[in-house]
Amino acid sequence: MSRTKTEFTDQGYKEYITKYSNEELIAALKRRSQYREEAADFAIQEAIRRGIIHSEQDLFSEKFREEKGTFSWLPVPHTKDARERVKKSILRSLYITGLIPLAYGGLQLYRGVDFPAEIAIVFGLIWIALSVLLTRNPKKWIFYGLGVMDLGGGAFILQRIVGSEPSFFDFFALIVLLLMVLYSLVYFYRIARKDQEL
């Protein structure tokens, strides 16, 4: 159950829990202490109703031992709904990342500067196309392609700004942006792999 306590402030938690798959319900039982008592009790009753457990005593078995919340740089949500929301959020960021070179290239063409306007436009179009492919079928080669483009685009920008006496902030902003995109790609890949396992 990847919902936070605040998401269960009303009776809405019953609707969420009844829609869980058996795997999601088992994951919820393993994290039952992280939720409001009423939500945890309802999850237990739902598990009994489905025959996943026969009584609350079954929760003392190894299978349902509570997992302690641990910090993770790449926490994978336990419900399909939550995983889909995270993936959509990452995809929006990837689309915006592709729009930046498109806008830059269009502005440069408008000003009459051909190079590197064409490169920026082609880069943006390829980036957006790969991001769209990622929504349909997250293959490993798409992640590699976007990762290589991220690093290649960063190297190209670095080469362009070195000649213009960049400040420390220019380098810092570029590195942070590159790392954020790589982090998003790795995170998306991890969630996609979790979906394929289920």
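Readers should treat all values here as calculations from the given coordinates under stated rules, not as data from a laboratory. Since we're looking at a predicted model, the values are computed, not measured. Methodologically, a virtual Cβ is constructed for each residue, glycine included, from the backbone with ideal geometry; neighbour enumeration extends over all protein chains shown.
For this structure, a couple of remarks:
- For region 84-108, backbone nitrogen atoms closer than 15 Å to the point 7 Å from Ile161 Cα along Cα-to-C-beta are found at 101.
- Computed FRET value (nearest 0.05) for Tyr110 with Trp141, which takes r as the C-beta separation and R₀ as 25 Å: 0.15
- For the chain, a Gaussian network of Cα nodes joined below 10 Å ranks Arg85, Arg111, Arg65 by mean-square fluctuation, and the top entry is Arg111.
- Spin-label model, Gln57/Asp170: points 7 Å from Cα along the beta carbon direction are separated by 7.3 nm.
- Computed over region 35-144, the percent of Cα pairs more than 24 Å apart is 54.
- With a Förster radius of 30 Å applied to the C-beta separation of Leu177 and Arg36, the computed FRET efficiency comes to 0.15.
- Sorted largest first, the spans of the alpha carbon positions of region 114-198 along the three principal axes are 51, 29, 13 Å.
- Residue with peak Gaussian network fluctuation, the chain [Cα springs, cutoff 10 Å], from Gly112, Gly124, Gly154: Gly112
- Cβ-based charge dipole, the chain, positive-most Cα from Pro75, Ile157, Ile17: Ile17
- FRET efficiency for Gln45 and Val132, using Cβ-Cβ distance with R0 set to 41 Å, rounded to 0.05: 0.45
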